[in-house]
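Since the structure comes first, as structure tokens, the remarks are kept for the end.
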């Protein structure tokens with residue numbers, strides 16, 4: 001599976017503008033509110049789509065954000081965050097944030113590649129960094145930011161129908177979204193959308 005993932009990432013189509021991909025999610029006319037939003041400059045960010053090589057199979061690392069945070073409190077997300085001036089690029093930012101948030105040391109990480117940038121509805125353009133993580137990893141959550149760390153089997157995400165297509169109203173228009181439930185966790189927004197894109201990239205299912 002690891003070799004397949006690395007091959008599919010290497011052979012992924014040429015990048016498409018994050019704004020173009022965002023507009024592909026719009027169901028119907030583009031509202032003036034959405035046009036105003038797209039004219040703003042998003043802040044660059046990066047997340048780590050970490051695949052932990054457990055004996056039971058590859059597991060996707062996710063976190064539940066602390067309830068007291070001002071942004072996205074209580075939501076499920078990847079380790080990651082906004083690029084800082086000291087970061088050399090998205091990979092450096094994602095690795096730094098993962099070490100800060102869940103104690104993932106860089107020596108346990110092998111970067112497989114990057115996915116296309118993803119524009120969120122909250123003012124960020126995210127670069128997802130796909131990596132493999134040694135089975136030695138044991139999460140140490142930073143309690144000021146992370147309420148919980150959990151793992152989702154890649155086989156669960158690959159199973160057809162587990163990631164659902166839905167719709168939400170944003171910016172005065174209806175937009176296509178994805179979500180799924182795993183155990184007691186509800187995953188939606190950018191996290192679910194990035195996972196759906198990843199699954200489409202590495203699997204034979206293109207829906």
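Bear in mind these aren't lab numbers, they're just calculated from the coordinates by the rules spelled out. Model, not experiment: these values are computed from the prediction. Methodologically, a virtual Cβ is constructed for each residue, glycine included, from the backbone with ideal geometry; neighbour enumeration extends over all protein chains shown.
Here are some notes:
- Computed FRET value (nearest 0.05) for residue 110 with residue 27, which takes r as the C-beta separation and R₀ as 41 Å: 0.60
- Rounded to the nearest 10 degrees, the angle from helix 189-202 to the longest Cα principal axis of the chain is 70 degrees.
- Backbone N under 15 Å from the residue 183 label point (7 Å along Cα→Cβ), restricted to the stretch 113-140: 138-140
- For a label point 7 Å along the Cα-to-beta-carbon line of residue 54, residues of the stretch 136-179 with backbone N under 14 Å: 136-139, 149-157
- Proportion of all alpha-carbon pairs of the chain beyond 32 Å (%): 13
- Using alpha-carbon coordinates, inclination of helix 90-102 to the longest axis of the chain, degrees: 60
- Relative contact order computed over the stretch 133-207 (Cα-Cα under 8 Å; 6+ residues apart), in percent: 19
- Structure-based [θ]222 nm, the chain - -39500 (n - 2.57) summed over DSSP H runs of at least 4, per residue, nearest 500: -7500 deg cm²/dmol
- Percent RCO, i.e. relative contact order, over the stretch 2-202, from Cα pairs under 8 Å lying at least 6 residues apart: 27
- All distinct Cα pairs of the stretch 1-73 go into the 1/r average, and the inverse of that average, the Kirkwood radius, is 16.6 Å.
- Distance between the modelled labels on residue 67 and residue 20, one decimal in nanometres: 4.4 nm (7 Å Cα→Cβ projection).
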